[in-house]
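S.K.: Please see the structure below; I have some questions.
Nothing in this text is a laboratory measurement; each read-out follows from the coordinates by a stated rule. Computed from a predicted model, the values in this text were never measured in an experiment. Heads up, the Cβs are rebuilt from the backbone with ideal geometry, glycines too, and the neighbour counts pull from every protein chain shown.
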Amino acid sequence: MRFTKDHEWVEMDGDVAIVGITGYAAEQLGDVVFVETPEVGKAYKAGENFAVVESVKAASDVYAPISGEVVEANGILSGSPDTVNAAPEAAGWFAKLKPANPAEFDALMDRHAYEQYLQTL
């Protein structure tokens with residue numbers, strides 16, 4: 001699993017990248033009440049806004065951690081957005097991407113580097 005400074009995570013499962021927000025992000029948001037997942041078939045560049053998550057506190061954009069085409073969106077989130085709070089780095093994933101440039105994954109922070117980054121906030 002790799003991480004961005006914007007608190008997205010990405011995990012490779014074969015040749016598919018699973019994307020979501022980190023536990024830290026979910027905790028900062030509070031109770032998630034709505035999630036807009038990206039559209040299947042749409043391609044995104046790393047850093048582009050590709051989803052929206054709304055909580056009782058605020059609405060936040062979710063950015064694509066790597067470039068790729070959406071091959072699946074997590075349909076569970078439309079009826080159970082609280083899954084993001086319950087399991088942000090597991091069942092609360094947002095989308096699965098077919099990576100356009102696998103080297104982008106390698107450039108992201110590993111868990112140790114991300115945890116060190118969190119200590120600077």
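S.K.: Show me the strands (runs of 3 or more DSSP E) found entirely inside region 13-71 where at least 2 residues are under 14 Å from the mean Cα position of the chain (by Cα) and surrounded by fewer than 20 Cβ atoms within 10 Å (Cβ to Cβ).
M.R.: On the way: elements: 16-21, 32-36, 49-55, 59-63.
Fully inside region 13-71 and qualifying: 16-21, 49-55, 59-63.
S.K.: Could you please give the count of residues in region 75-100 that are more than 12 Å from the chain's Cα centre (by Cα) and β-branched (Val, Ile, Thr)?
M.R.: Of the residues in that region, 2 qualify.
S.K.: Moving on to the next point. If a residue must be touching a strand residue (DSSP E or B) at 6+ places or on another chain (Cβ under 7 Å) and either in a loop (DSSP other than H, G, I, E, B) or surrounded by fewer than 16 Cβ atoms within 10 Å (Cβ to Cβ) (or both), how many such residues does region 79-108 contain? Talk me through it step by step, then tell me what you get.
M.R.: Filtering region 79-108 down to residues touching a strand residue (DSSP E or B) at 6+ places or on another chain (Cβ under 7 Å) leaves 81-82, 84-85, 88-89, 92-100, 105, 108.
From the residues that got through so far, the ones that are either in a loop (DSSP other than H, G, I, E, B) or surrounded by fewer than 16 Cβ atoms within 10 Å (Cβ to Cβ) (or both) too are 81-82, 88-89, 92-94, 98, 100, 108.
Looking only at that region, the number is 10.
S.K.: Restricting attention to region 79-92, does a residue exist that is hydrophobic (A, V, I, L, M, F, W, C) and more than 17 Å from ALA25 (Cβ to Cβ)? Even if it seems obvious, please write down each step before you answer.
M.R.: Going through region 79-92, the residues hydrophobic (A, V, I, L, M, F, W, C) turn out to be 84, 86-87, 90-91.
From what's left, more than 17 Å from ALA25 (Cβ to Cβ): none.
Checked region 79-92: no residue is hydrophobic (A, V, I, L, M, F, W, C) and more than 17 Å from ALA25 (Cβ to Cβ).
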